[in-house]
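Undergrad: Sharing a structure here in structure tokens format.
The values are calculated or read from the model by the stated rules, or taken from the named source; none is laboratory data. From a predicted model like this one, the values you see are computed outputs, not experimental measurements. Here the Cβ is made from the backbone with ideal geometry for all residues, glycine too, and neighbour counts use every protein chain on show. Surface areas here come from the heavy atoms of the whole protein model, side chains and all, with no ligands, DNA or RNA. Shrake-Rupley method; radii C 1.70, N 1.55, O 1.52, S 1.80 Å.
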Amino acid sequence: MRDIALGQYFPGNSFLHRMDPRVKMVLTFLYIFAVFIPRNWVGLCGAVAFLAIAVLLSKLPVKLVLKSIKPVIPLVLITSALNIFYVSEGTAVFEWWVIHITTKGLITASFIAIRIICLIAGSSLLTYTTSPTTLTDALERLLSPLKIVRLDVHELAMMMTIALRFIPTLIEETDKIMSAQKARGADLESGGPMQRIRALVPIVVPLFVSSFRRASDLATAMECRCYRGGMGRTRMKQMKMRAADILSAAVVLAVIAALFALNFFIRPVL
Amino acid sequence: MPVIETQNLSHTYSPGTPFVKEAITDISVKIEKGDLLGIIGHTGSGKSTLVQHFNGLLRPTSGKVFLNGRDIWEKPKKIREVRFKVGLVFQYPEHQLFEETTYKDIAFGPSNMGLDADEIDRRVRLAARFVGLKDELLKKSPFELSGGEKRRAAIAGVMAMQPDVLILDEPTAGLDPRGRDTILGQISEYQQENGTTVVLVSHSMEDIAKTAKKVLVMKRGAVAMYGETAEVFSRAGELEAIGLAVPAVTRIFMQLRARGFEVGENAYTVRQAFERLLPLLRKGGAGGA
């Protein structure tokens, strides 16, 4: 249970860590969009290279970034396989019974695989270099125009912050309760499905009780510090756009423009 | 033959990740049958990790744990039997209560053992008596009990399994002095009446001094001292060097000696201090010192 890397923030002080989270968030979305632009190898290599540079700038262990891709490997494999077997245009490289594997199919499959990997690695770069609270703060600021349609953005962001904050706490709590019940001989590993569900009662009930207790403690603590929602609330740490943020935005936009341009100048393989 | 023995026991949390932490290193201890052992150490010294190996909740990274001379991990499928023989009461055990009535909650352990209804009933009532829970409380929901009662109900839940070894991790944490004395008294009584081996984990020197017959001192995941309570507390200087506050009475004795009073050995309970200081005071009164 302990090993689940939720809210996988990896503290550091790199260029990416110090970037304005709002800019970082928008640029990540732009990048996700950008990996779908290239229709030729040069452009795709460019998108991968851009990501590689970003990883280097983040000073994160490369192993960590690779680990973030691990959970999507099955998805990558399935989509690639589907493309290999279903795309029938192009020259055939392998034919047997109903299976036709073509060059076009192989190219499509590798494009899709590389795109998914870039997409996941790119977005995990955002969560690795930004703490969950900063992330929700940034989201609050980015969504603030929605106040016009009477959406309480602050409340939404506060709920997200609290939820994220308590995930590790709840995991730890579950761990403890499970150990305590196992010590009393609770059998969580054997029996049929019904028996297993019933075996969860001694874990779920205490977990609920403690969550309610925590929630009421937190509410009291917030009220003691005069929390009254988002109206007129100021921040200790103001988010500031610096020259570096504007520069990064310019670079990303330039990369996107270049990817589009490449599609015109190089013959598409897709 | 010791009831629990560890050989070169080590445990590492989250190996192979950035959060790797070696909690205990190369621990070899023997706990004799019928002992009332206190384990003491700072937060993070590995006390809880060590005791969770005694009932097989944690599996050693290296080293072995023996229960009555048998390696508990010889047959990993039979680990539940070990948990019935070595009862572990966790820190803040009241957080594990879940049943509709206190009675049913105390019966959870014994029913997991597959005992028949009569035996379960006998054990639940016996355990409830040991921790001083009255019959009418047993019919109530455990969530209606007071903080101290909840704690005692949770302890009864483990006692009712009648384990050979009863381990309690910080059983007095967060209780007022009276609640603390009540629970410690009940634990000693239980130990004397049944001759069960009891292991008491605490960071309170006072609690250990009052209750335990033997003391194991832990420091940064290793055993710093292990011996009879009197012997360990006679090395008060070393204990303070580890950063463990010796009981207040012991400190008074050390100071008295430093000022030239012949107080003899260090006392670590108020009772002992009383017995040692009284003759001294009488003498002092006669001599006018």
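Undergrad: Express as a percent, rounded to the nearest 5, the fraction of DSSP beta bridges in the range B:109-234 (both residues included) that run antiparallel. Display every interim value, and only then the final one.
TA: Values: 6 of 11 bridges.
If we restrict to bridges inside the range B:109-234, about 55 percent are antiparallel.
Undergrad: Quote the relative contact order of chain B in percent (integer), defining contacts as alpha-carbon pairs under 8 Å separated by 6+ residues.
TA: Across chain B, relative contact order equals 21 percent.
Undergrad: Continuing with this model, one more query. Share of Cα-Cα pairs in chain B beyond 30 Å, in percent?
TA: Here the long-distance tail beyond 30 Å is 37 percent of all Cα pairs in chain B.
Undergrad: Place +1 on the Cβ of every Lys and Arg and -1 on the Cβ of every Asp and Glu in the range A:92-201, take the dipole about the Cα centre, and give the residue among A:Met160, A:Thr129, A:Thr103 whose Cα lies farthest towards its positive end.
TA: Sorting the options by dipole projection puts first A:Thr103.
Undergrad: How high is the relative contact order of the range A:97-212, in percent, with contacts defined as C-alpha pairs under 8 Å that are six or more residues apart? It would help to have the intermediate numbers written out before the result.
TA: Details: 40 pairs, mean separation 20.4, N = 116.
Averaging sequence separation for qualifying contacts and normalising by length gives 18 percent for the range A:97-212.
Undergrad: Moving on to the next point. With a point put 7 Å past each Cα toward its Cβ, work out how far B:Arg271 is from A:Val251 in nm, to one decimal.
TA: Placing both labels 7 Å beyond Cα along the Cβ direction yields 7.3 nm.
Undergrad: Would you tell me the mean number of C-beta atoms belonging to other protein chains that fall within 10 Å of each C-beta in B:89-96, as a whole number? Please report the intermediate quantities before stating the final value.
TA: Numbers: counts 3, 7, 2, 3, 3, 2, 9, 14.
Counting other chains' Cβ atoms within 10 Å and averaging over B:89-96 gives 5.
Undergrad: Between beta-carbons, use under 10 Å as the cut-off and find the net charge around B:Phe108, counting Lys and Arg +1, Asp and Glu -1. Kindly include the intermediate steps, with their values, before the conclusion.
TA: Values: positive: A:Arg184, B:Lys104; negative: B:Glu99, B:Asp105.
Net charge in that neighbourhood comes out at 0.
Undergrad: For the interface of chains A and B, what total accessible area is buried with a 1.4 Å probe, rounded to the nearest 100 Å²?
TA: Protein heavy atoms only, the A-B interface buries about 1800 Å².
Undergrad: Kindly identify the range B:247-289 as rounded, prolate or oblate by the Cα gyration tensor criterion: order the square roots of the eigenvalues as a ≥ b ≥ c, call it rounded if a/c is under 1.5, otherwise compare a/b with b/c, prolate if a/b is larger, else oblate.
TA: Working: a/c = 2.73, a/b = 1.47, b/c = 1.85.
It comes out oblate by the Cα gyration axes.
Undergrad: Gaussian network model of chain A, Cα springs within a sub-10 Å range: biggest mean-square fluctuation belongs to which of A:Thr28, A:Thr79, A:Thr130?
TA: So, out of A:Thr28, A:Thr79, A:Thr130, the one fluctuating most is A:Thr79.
Undergrad: For the range A:178-236, state which trypsin sites (Lys or Arg not before Pro) are in a DSSP loop and have at most 16 other beta carbons lying within 10 Å of their beta carbon. Before the final figure, lay out each step's value.
TA: On the way: sites: A:Lys182, A:Arg184, A:Arg196, A:Arg198, A:Arg213, A:Arg214, A:Arg225, A:Arg228, A:Arg233, A:Arg235; in loops: A:Arg184, A:Arg225, A:Arg228, A:Arg233, A:Arg235.
Here the trypsin sites (Lys or Arg not before Pro) that fit, given the DSSP loop and packing criteria, are A:Arg225, A:Arg228, A:Arg233, A:Arg235.
Undergrad: Using a cut-off of 26 Å between alpha-carbon atoms, which lysines can reach A:Lys240, once sequence neighbours fewer than 8 places away in the same chain are excluded?
TA: Counting by Cα, and skipping residues close in sequence, A:Lys240 has these lysines nearby: A:Lys24, A:Lys59, A:Lys147.
Undergrad: What share of Cα pairs, in percent, lie more than 20 angstrom apart in the range B:70-155?
TA: So the pairs more than 20 Å apart make up 37 percent of the total in the range B:70-155.
Undergrad: What's the longest bit of chain B with no exposed trypsin sites (Lys or Arg not before Pro), using DSSP loop states and at most 14 other Cβ atoms within 10 Å as the test?
TA: Values: sites that count: B:Lys33, B:Lys134, B:Lys139, B:Arg259.
That gives B:140-258 as the longest site-free run.
Undergrad: Among B:Ser45, B:Ser62, B:Ser146, which one shows the highest mean-square fluctuation when chain B is modelled as a Gaussian network with alpha-carbon springs under 10 Å?
TA: B:Ser146
Undergrad: To the nearest 10 square angstrom, what accessible area does A:Cys224 show with a 1.4 Å probe?
TA: 100 Å²
Undergrad: List for the range A:147-181: residues with 10 Å² or greater reduction in accessible area, all protein chains versus chain alone, probe 1.4 Å?
TA: A:Glu173, A:Lys176, A:Ile177, A:Ser179, A:Ala180, A:Gln181
Undergrad: How do A:Trp97, B:Trp73 rank by accessible surface area computed with a 1.4 Å probe, from largest to smallest?
TA: If we order A:Trp97, B:Trp73 from most to least accessible, we get A:Trp97, B:Trp73.
Undergrad: Also, quick follow-up: Span-like helices, chain B: DSSP H, alpha-carbon axial extent 24 Å or more, mean Kyte-Doolittle -0.5 or greater, which ones?
TA: What comes out of the filter, once short or polar helices are dropped, is B:270-287.
Undergrad: Mean Kyte-Doolittle of at least 1.0 plus a Cα span of 15 Å or more along the axis: flag which DSSP H helices in chain A meet both, please.
TA: Values: long enough: A:21-34 (19 Å, 1.27); A:41-58 (26 Å, 2.35); A:73-86 (20 Å, 1.84); A:103-129 (39 Å, 1.38); A:132-143 (16 Å, 0.15); A:153-183 (45 Å, 0.44); A:193-224 (45 Å, 0.62); A:243-265 (32 Å, 2.25).
In chain A, the long hydrophobic H runs are A:21-34, A:41-58, A:73-86, A:103-129, A:243-265.
Undergrad: Mind listing P(r) for chain A? All alpha-carbon pairs, 10 Å bins, whole percents.
TA: Using 10 Å bins, I get a P(r) of 6, 20, 24, 23, 17, 9, 2, 0 for chain A.
Undergrad: Do any GluC sites (Glu not before Pro) in the range B:79-147 lie in a DSSP loop with no more than 14 other beta carbon atoms within 10 Å, and if so, which?
TA: Answer by residue number: B:Glu100.
Undergrad: For the range A:169-226, count the residues as N, evaluate 2.2 N^0.38 Å, and divide the Cα radius of gyration by that value, please. It would help to have the intermediate numbers written out before the result.
TA: Working: Rg = 15.0 Å, N = 58, 2.2 N^0.38 = 10.3 Å.
The range A:169-226 yields a ratio of 1.46.
Undergrad: Something else about it: Count of lysine pairs in the range B:26-114 with Cα atoms under 28 Å apart, counting only pairs 8 or more residues apart in sequence or on different chains?
TA: So the count of such lysine pairs works out to 26.
Undergrad: Right, here's the next one. What is the local net charge at A:Gly185, summed over the other residues whose Cβ is closer than 10 Å to its Cβ (Lys, Arg +1; Asp, Glu -1)?
TA: Residues close to A:Gly185 contribute a combined charge of +2.
Undergrad: If I model a spin label as a point 7 Å beyond the Cα along the Cα-Cβ vector, how far apart are those points for A:Arg213 and A:Gln195 in nm?
TA: It is 3.1 nm.
Undergrad: Taking a 1.4 Å probe, which of A:Leu259, A:Leu207 shows the most accessible area, and what order do the others take after it?
TA: If we order A:Leu259, A:Leu207 from most to least accessible, we get A:Leu207, A:Leu259.
Undergrad: Would you please give the FRET efficiency between A:Ala261 and A:Arg165, computed as 1/(1 + (r/R0)^6) with r the Cβ-Cβ distance and R0 = 45 Å, to the nearest 0.05?
TA: Using R0 = 45 Å, I get an efficiency of 0.50.
Undergrad: Please check: in the Gaussian network model of chain A (C-alpha springs, under 10 Å), which one of A:Lys240, A:Lys59, A:Lys176 has the largest mean-square fluctuation.
TA: Taking springs between Cα atoms under 10 Å, the residue moving most is A:Lys176.
Undergrad: Tell me, what is the per residue accessible area of the range A:169-226 in Å², probe radius 1.4 Å?
TA: 60 Å²
Undergrad: Counting only protein heavy atoms and using a 1.4 Å probe, what share of the accessible area of the range A:169-226 belongs to carbon plus sulfur, as a whole percent?
TA: In the range A:169-226, the share of accessible area belonging to carbon and sulfur is 65 percent.
Undergrad: Report P(r) for the protein assembly as shown: all Cα-Cα distances, bin width 20 Å, range 0 to the bin holding the largest distance, values in whole percent.
TA: Percent of Cα pairs in each bin: 16, 36, 31, 14, 2, 0.
Undergrad: Let me ask something else about it. Give the accessible surface of chain B per residue, rounded to a whole number of Å², with probe radius 1.4 Å and ligands, DNA and RNA excluded. Don't skip to the answer; put the middle values down first.
TA: Values: 13700 Å² over 289 residues.
That works out to 47 Å² per residue.
Undergrad: Please list A:Met25, A:Met231 in order of solvent-accessible area, largest first, computed with a 1.4 Å probe with all protein chains present.
TA: The ranking, largest first, comes out as A:Met231, A:Met25.
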